[in-house]
Amino acid sequence: MSKSSQRPVRVRFAPSPTGFLHIGGVRAALFNWLYARQNQGKFLLRIEDTDLERSEDRFTQDILRSMQWLGLSWDEDLIFQSKRLDVYREQAEELIRRGFAYRCDCTEAEVEAMRETAMKEGKKPQYDRRCRELNKSAEGKKYVIRAKIPLEGHIEFNDLIRGAIRFENQDIDDFVLIRSNGAPTYNLSVVVDDVHGQMTHILRGDDHINNTPKQMHLYQFFDYAVPEFAHLPMILGSDKKKLSKRHGAVSANAYRAEGYLPEALLNFLARLGWSHGDQEIFSIQEMLQYFSFDHVQKSGAVFNTEKLLWLNGAHIRAASPERLLGIVLEDYSNHFSGEALLRAKTALGARLVQLIQPKVKLMKELAEQLVPLCSPGAVEVDASELKWNKNEGLKVATKAAVKTALGLLGKKMEEVSHFTRQGLEKSWGDAPSLGDAGLNTTEIDTLLRQVGEQHGVKLGDLAQPMRLTVTGRMVSAGLFDVMTLLPWDVLEARLQKIEQL
Ligand code: GLU
């Protein structure tokens, strides 16, 4: 058998559009993509839509959108198998001419009966090959085309993950290549396309391992150097069963909607079953640098949502605020009112994102925190959790302290001569803030601490209602940081609201 490993690397991801792109598929795509990019090879995307009944365009669109979102860029033209049905039929006829396939007009009931007989005799349930040497013609009865698998010998390959795997030829059925309705089977179309695309490596889920010997025979029939294979272990749910919808979100799209970053999902999927020392967090660049099939484990890998969330937090912290803002504006724009959206789109929007990003694990949370910050004027708040609700004295003292603080802060703004009233009427991003007036977080902290002392209110108690009215939330980005950034008129309006709580 000639080797394919000396040729330039060409790999493919070949999803069937019978459902949304799920994370098992994403992992197969990622490993192919990494392998291609590591080896200056080509990564092709092929839509396996020969099952016309179960394939849907919306699933194809989902696959393409998800691949783009993930940044798993493909080379050359996108391939649709549904456009190549004639080619598969021609290739099957060619195999008949060359003695590697034959027509079989046995009915389904007959084939079923053969399988039952085989089972009764303690053999594998197989077609009994009765049409194999009959040279049936294409005229007359309906027929299928079957592969003529050698009756003796074996076929063997060295899986890049699992090592040597051997199959006895007698256990391989003379499987169908073309169905009686003229449609190709998966095993035929996949090999015709892999030969056509000059694939050198087939990297896919280990649910296909039993198809591999059949496909290897076909490669040989087509005189094609058999590619290398790597069968990736299944992804398992926490109950150790194959991951499925029962375990919650499984489509790439659903993870996007929940607020995961593509690089976090890819990092997580790369680490499922693969390791590089004890490193957990990988940038795409590092995955490209370190990924290798030598360190992919054979057994199924358990999906751990907690870890994915943790990784997402880490990747959010590592990303640039501008990029995160872009994602928020693309994926969560419907969370914003028109004016808030305009405000978010400014440099100030990105600076606010920078304050929020260390505090969140999901992009959705980032959007949720950014929305109130960018909303014009005061924001609706839920004051039911405030500590002062249980202590009327604290409430009165806190309100008085806020008033004092507002006075002092307002003075600071006025002290800066060029911030005239006119300046305050400038639009959001350009309007002056406490930061512009020279105050940093430490100074705001000190000022509020002193005001608190005057009024007998601890800093934490004073900050609680301030955080709520300024950020709209009980838990938020650093309050004093936000206070240095928000335009003073917005901040003032929000702090004034405390009086009415
Ligand atoms: N369409 C097949 C699948 O989605 C492709 C398998 C392969 O990569 O050969 O499972």
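The values are calculated or read from the model by the stated rules, or taken from the named source; none is laboratory data. Source: prediction; values computed, not measured. Cβ: placed from backbone, ideal geometry, glycine included. Neighbour counts: every protein chain shown. All accessible areas refer to the heavy atoms of the entire protein, side chains included, with ligands and DNA or RNA removed. Shrake-Rupley method; radii C 1.70, N 1.55, O 1.52, S 1.80 Å.
Out of all the residues in segment 81-104, is one or more of a type in the set (A, V, I, L, M, F, W, C), more than 24 Å from Pro213 (Cα to Cα) and either away from the ligand (no atom under 16 Å from the Cβ) or open to solvent by 30 Å² or more (accessible area, probe 1.4 Å) (or both)? No, every residue in segment 81-104 fails to be of a type in the set (A, V, I, L, M, F, W, C), more than 24 Å from Pro213 (Cα to Cα) and either away from the ligand (no atom under 16 Å from the Cβ) or open to solvent by 30 Å² or more (accessible area, probe 1.4 Å) (or both).
Quick test for you: out of Leu329, Leu266, pick the one residue that is buried (at least 19 other Cβ atoms within 10 Å of the Cβ) and touching a helix residue (DSSP H, G or I) at 6+ places or on another chain (Cβ under 7 Å). When all the criteria are applied, what remains is Leu266. Residues in segment 6-51 that are aromatic (Phe, Trp, Tyr) and closer than 15 Å to Ile202 by Cβ were compared, and the one that is nearest to the ligand (Cβ to nearest atom) is Phe13.
One residue alone among Ser299, Ser283 is more than 16 Å from the ligand (Cβ to nearest atom), among the small types (Gly, Ala, Ser) and open to solvent by 50 Å² or more (accessible area, probe 1.4 Å), and that residue is Ser299.
Here's the yes/no breakdown for (1) open to solvent by 10 Å² or more (accessible area, probe 1.4 Å); (2) within 14 Å of the ligand (Cβ to nearest atom); (3) over 23 Å from Arg54 (Cα atoms):
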{"position": "Thr185", "(1), (2), (3)": "yes, yes, no"}
{"position": "Val190", "(1), (2), (3)": "no, yes, no"}
{"position": "Met199", "(1), (2), (3)": "no, yes, yes"}
{"position": "Ile202", "(1), (2), (3)": "no, yes, yes"}
{"position": "Gly205", "(1), (2), (3)": "yes, yes, no"}
{"position": "Leu218", "(1), (2), (3)": "no, yes, yes"}
{"position": "Phe222", "(1), (2), (3)": "yes, no, yes"}
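Of the residues examined, Trp74 is not one that is farther than 28 Å from Val176 by Cα and either part of a helix (DSSP H, G or I) or among the polar types (S, T, N, Q) (or both). The residues of segment 329-348 that are touching a Leu at 6+ places or on another chain (Cβ under 7 Å), without any contact (Cβ under 8 Å) to a residue 40 or more places away in the chain and in a helix (DSSP H, G or I), listed by number, are Ser333, Ala344.
Residues in segment 465-480 that are crowded, with 19+ Cβ neighbours inside 10 Å and either of a type outside the set (Gly, Ala, Ser) or farther than 18 Å from Leu386 by Cβ (or both): Pro465, Met466, Arg467, Leu468, Thr469, Val470, Thr471, Ala477, Leu479, Phe480. Picking from residues in segment 352-377 that are open to solvent by 50 Å² or more (accessible area, probe 1.4 Å) and in a loop (DSSP other than H, G, I, E, B), the one that is farthest from Pro487 (Cα to Cα) is Lys361. Could you check, for segment 106-114, whether at least one of its residues is surrounded by 21 or more Cβ atoms within 10 Å (Cβ to Cβ) and touching a residue at least 12 places away in the same chain (Cβ under 8 Å)? No; the residues of segment 106-114 include none that is surrounded by 21 or more Cβ atoms within 10 Å (Cβ to Cβ) and touching a residue at least 12 places away in the same chain (Cβ under 8 Å).
Those helices (runs of 4 or more DSSP H) of segment 107-224 in which 3 or more residues are out of contact with any helix residue (DSSP H, G or I) (no Cβ under 8 Å at 6 or more places or on another chain) occupy 108-120, 212-221.
When restricted to residues that are open to solvent by less than 20 Å² (accessible area, probe 1.4 Å) and out of contact with any helix residue (DSSP H, G or I) (no Cβ under 8 Å at 6 or more places or on another chain), segment 64-80 contains 0.
Taken as a whole, segment 305-319 holds at least one residue that is outside any helix (DSSP H, G or I) and open to solvent by less than 50 Å² (accessible area, probe 1.4 Å). Pairing residues of segment 67-80 that are of a type in the set (Val, Ile, Thr) with residues that are surrounded by 13 or more Cβ atoms within 10 Å (Cβ to Cβ), at Cβ distances under 7 Å and at least 6 apart in sequence or on separate chains, gives Ile79/Leu44; Ile79/Arg46; Ile79/Ile47; Ile79/Asp193.
For segment 258-279, indicate whether the set of residues that are more than 16 Å from the ligand (Cβ to nearest atom), touching a His at 6+ places or on another chain (Cβ under 6 Å) and part of a helix (DSSP H, G or I) is non-empty. Within segment 258-279 (the criterion being more than 16 Å from the ligand (Cβ to nearest atom), touching a His at 6+ places or on another chain (Cβ under 6 Å) and part of a helix (DSSP H, G or I)), the answer is yes, since at least one residue qualifies. Restricting attention to segment 134-154, does a residue exist that is surrounded by 21 or more Cβ atoms within 10 Å (Cβ to Cβ) and within 16 Å of the ligand (Cβ to nearest atom)? Checked against the condition, which is being surrounded by 21 or more Cβ atoms within 10 Å (Cβ to Cβ) and within 16 Å of the ligand (Cβ to nearest atom), segment 134-154 yields no hits at all.
Is it the case that Lys458 is open to solvent by 40 Å² or more (accessible area, probe 1.4 Å), under 30 Å from Leu341 (Cα atoms) and more than 44 Å from the chain's Cα centre (by Cα)? Considered against the rule, which asks whether it is open to solvent by 40 Å² or more (accessible area, probe 1.4 Å), under 30 Å from Leu341 (Cα atoms) and more than 44 Å from the chain's Cα centre (by Cα), Lys458 comes out as no.
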